[in-house]
Amino acid sequence: MITKRDICIAAGAVVLTLGAVGFAHADKAILGPAVYNWETIEAKATDVGAYRHVVRQPTATLDELEMHITTLNPGLSSHAPHTHVNEELVIIKEGTVEVLSDGKWVRIGAGSIVFNASNSPHALRNVGDKPAVYHVINWSPE
């Protein structure tokens, strides 16, 4: 039998949970409508090519939306195979790459899209003879 005490404890837990969710974004503004112009996104040199930071910010439905663009020099990898909780899309803009997806290396080119599932091992390497450019969009609901 559910008692009044049980209901009060449950209601308190709900209030505390909703309060914590509201405070999760307190340090950063919620991302609203936005346009990012390729010509104005600064490229910063890295040891494997270049990196363009686009945004890393909470949205109305996500604790964090992160977007960046990587230029990867021929013969190099962006990083060793790894996993993370957040899901991500990789959209190939230029070049030829191989991606580790579902335990297999797959060769793809411009216009291709990769979905990296949560906690799924993945990696990307440039197997072409010119720089590869790709957009990364990842998100975290928590």
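A short reminder: the numbers here are calculations on the coordinates, not readings from a lab. Predicted model only: the values in this text are computed from it and were never measured. Note that we place each Cβ from the backbone using ideal geometry, even for glycine, and neighbour counts take in every protein chain shown.
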Fewest-first ordering of K130, K104 by Cβ atoms within 10 Å yields K104, K130
When the charge dipole of the range 37-142 is computed with +1 at the Cβ of Lys and Arg and -1 at the Cβ of Asp and Glu, the Cα pointing farthest to the positive end, of S140, N37, V48, is that of V48
Summed over the other residues with a beta carbon less than 12 angstrom from that of V55, with K and R at +1 and D and E at -1, the charge totals +1
Ratio for the range 38-140, C-alpha Rg to 2.2 N^0.38 Å, reads 1.04
If amide H atoms are modeled at 1.01 Å from N in the peptide plane, then the residues at a separation of 5 or more from K93, or on another chain, having amide H under 5 Å from its own are G111, V133, Y134, H135
Phi angles of the range 129-142, converted by Karplus (6.51 cos²θ - 1.76 cosθ + 1.60, θ = phi - 60°) into ³J(HN,Hα) in whole Hz with x for Gly and Pro, give 9, 9, x, 9, 10, 9, 9, 10, 10, 10, 8, 9, x, 9
Within the under-13-Å Cβ sphere about A123, not counting A123, Lys/Arg +1 and Asp/Glu -1 give a net charge of -1
In debye to the nearest 20, the charge dipole size for the range 38-140, taken about the Cα centre with +1 at each Lys and Arg Cβ and -1 at each Asp and Glu Cβ, equals 260 debye
Taking placed amide H atoms and a strict 5 Å upper bound, the residues 5 or more places from L31 or on another chain that come that close are T59, A60
Residues whose modelled amide H sits under 5 Å from the amide H of V55, counting only those 5 or more places away in sequence or on another chain, are M67
For the range 83-93, in residue order, the Karplus 3J(HN,Hα) values (coefficients 6.51, -1.76, 1.60; θ = phi - 60°; whole Hz; Gly and Pro = x) are 10, 7, 5, 5, 8, 8, 10, 10, 10, 7, 8
Ranked on Cβ counts within 10 Å of their own Cβ, fewest leading, W139, W105 go W105, W139
Assertion target for T59, T71, T96, ordered by fewest C-beta neighbours within 10 angstrom first, is T59, T96, T71
